[in-house]
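All remarks here apply to the structure that follows.
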Amino acid sequence: MSDLAALKQRRERPPFQGWKGSVPDEKIAAAVNIINRLIGQVIALGNEPDEDDVRTAVSECVTRFNDLDDGWIMTIEREDIAEAIFAVVDLAGFEADEAWIDDRDW
């Protein structure tokens, strides 16, 4: 079962604030928008989302990060992005692991 309230709260707390000073502001803003879009998609799936639907939303999110990356996603950013995605998967009611982000290029 999805924790919609926690997902909505997560959307109100932008991720990646620790990147300031090391990642360009426009990349941070784009990354936050990508995660917020994922959160919105998962919220739209309701209280009991189908795992395949959540996986599709995550795959689209990963593709957006693939498109955004022009070499700026390094180890710290990679870990932070994965952590943000995994948090959404967990709040959607599923156990997150690396298989959720297999199609990443970063």
With all protein chains present, the range 54-106 has a carbon and sulfur share of its accessible area (1.4 Å probe) in percent of 45 percent
With only helices counted (DSSP H, runs n ≥ 4, each -39500 (n - 2.57)), the per-residue ellipticity at 222 nm for the chain, to the nearest 500, works out to -20000 deg cm²/dmol
Taking only the alpha-carbon atoms of the range 2-41, the convex hull volume per residue, in cubic angstrom, is 57 Å³
Placing +1 on each Lys and Arg Cβ and -1 on each Asp and Glu Cβ in the chain, then taking the dipole about the Cα centre, the residue among L68, V54, W100 whose Cα reaches farthest towards the positive end is L68
Here the range 86-91 yields Karplus 3J(HN,Hα) values (6.51, -1.76, 1.60; θ = phi - 60°; whole Hz; Gly and Pro given as x) of 4, 4, 5, 4, 4, 5
Rounded to one decimal in nm, the spacing of the 7 Å Cα→Cβ label points at A99 and R13 is 2.9 nm
Any GluC sites (Glu not before Pro) in the range 29-106 that lie in a DSSP loop and have at most 13 other Cβ atoms within 10 Å would be E95
Per residue convex hull volume, Cα only, the range 59-106, in Å³ is 63 Å³
Chymotrypsin sites (Phe, Trp or Tyr not before Pro) in the range 59-102 lying in a DSSP loop, each with at most 14 other Cβ atoms within 10 Å of its Cβ, come to W72
Judged on accessible area alone, 1.4 Å probe, highest first, I43, I85, I76 line up as I76, I43, I85
The chain accessible area per residue, 1.4 Å probe, protein heavy atoms, integer Å², reads 54 Å²
The ³J(HN,Hα) series, computed from each phi in the range 70-79 with the Karplus coefficients 6.51, -1.76 and 1.60 at θ = phi - 60°, rounded to the nearest Hz and given as x for glycine or proline, is 10, x, 7, 7, 10, 4, 5, 5, 4, 5
Quotient of Cα radius of gyration and Kirkwood radius for the chain, i.e. Rg/Rh, equals 0.95
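The values are calculated or read from the model by the stated rules, or taken from the named source; none is laboratory data. Just so we're clear, the structure is a prediction, and the values are computed from it rather than from any experiment. Methodologically, a virtual Cβ is constructed for each residue, glycine included, from the backbone with ideal geometry; neighbour enumeration extends over all protein chains shown. Ligands, DNA and RNA are stripped out before the accessible areas are found, and what is left, the full protein with its side chains, is counted by its heavy atoms. Shrake-Rupley method; radii C 1.70, N 1.55, O 1.52, S 1.80 Å.
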